[in-house]
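Report on one structure; see the data block that follows.
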Amino acid sequence: MDFTSNASSSDSDHSNASTSFSEQQKDMRSETEKKRDGSIDGRDYRTTAIPYVPLQPEVMEYLCWSNDPNDLYLETYFDPKNPNMINAYNVEGLKPVVREKDSDTFILQDAKKQFYLWDAWEGELLRVTDDWTAGFESNEQVVENLIVYMSGVERDAVPIYQNRD
């Protein structure tokens, strides 16, 4: 019996499979790069007309939250041309600030500069009390404080109920 020819045939098959897998990884990486540069489906979401609160990128660098408009589901939840969460809660000027990267929890801000926590899955909107936002000089400082002390912020927050018109 000659095992050499079978081994080389198997090695060849394995080599083809590896190439195919690495090509798939390359395709996935290029999709990720497209998302990072802001271009998805030919649209650049960084220049969208849908409002959000931009923050200094270096603030978000070490946090597990994102302020990138591509990560904020702007068209899904915040597009004023479509039914959206702003209409559901009747809070004027409600727009996203950040979203937790591994969930659909958002920190939002309204036209009066008040902050909110919103869980897209639960549909729960909580207004952050002024105790957690007063005395800071920038939105970046407020957001950092809210993220660091999230459990206390949630405990003290005031529920906002949806309109039932």
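The values are calculated or read from the model by the stated rules, or taken from the named source; none is laboratory data. Small disclaimer: the values here were computed from a predicted structure and weren't measured. A quick note on method: Cβ atoms are made from the backbone with ideal geometry, for glycine too, and the neighbour counts reach across all protein chains shown.
Data table
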{"read-out": "Contacts under 7 angstrom Cβ, first residue in segment 100-116 being under 14 Å from ASN139 (Cα atoms), partner exposed (fewer than 14 other Cβ atoms within 10 Å of the Cβ), 6 or more apart", "value": "ASP110/GLU92; ASP110/GLY93; ALA111/GLU92; ALA111/GLY93"}
{"read-out": "Test result for GLY152, out of contact with any Leu (no Cβ under 9 Å at 6 or more places or on another chain) and not in a loop (DSSP other than H, G, I, E, B)", "value": "yes"}
{"read-out": "Counted residues, segment 117-141 - those being out of contact with any helix residue (DSSP H, G or I) (no Cβ under 8 Å at 6 or more places or on another chain), surrounded by 14 or more Cβ atoms within 10 Å (Cβ to Cβ) and without any contact (Cβ under 8 Å) to a residue 60 or more places away in the chain", "value": "3"}
{"read-out": "Residues within segment 60-84 that are part of a loop (DSSP other than H, G, I, E, B) and closer than 12 Å to VAL97 by Cα, tallied", "value": "5"}
{"read-out": "Any hit, segment 92-105, residues being part of a loop (DSSP other than H, G, I, E, B), crowded, with 20+ Cβ neighbours inside 10 Å and modelled with pLDDT under 95", "value": "yes"}
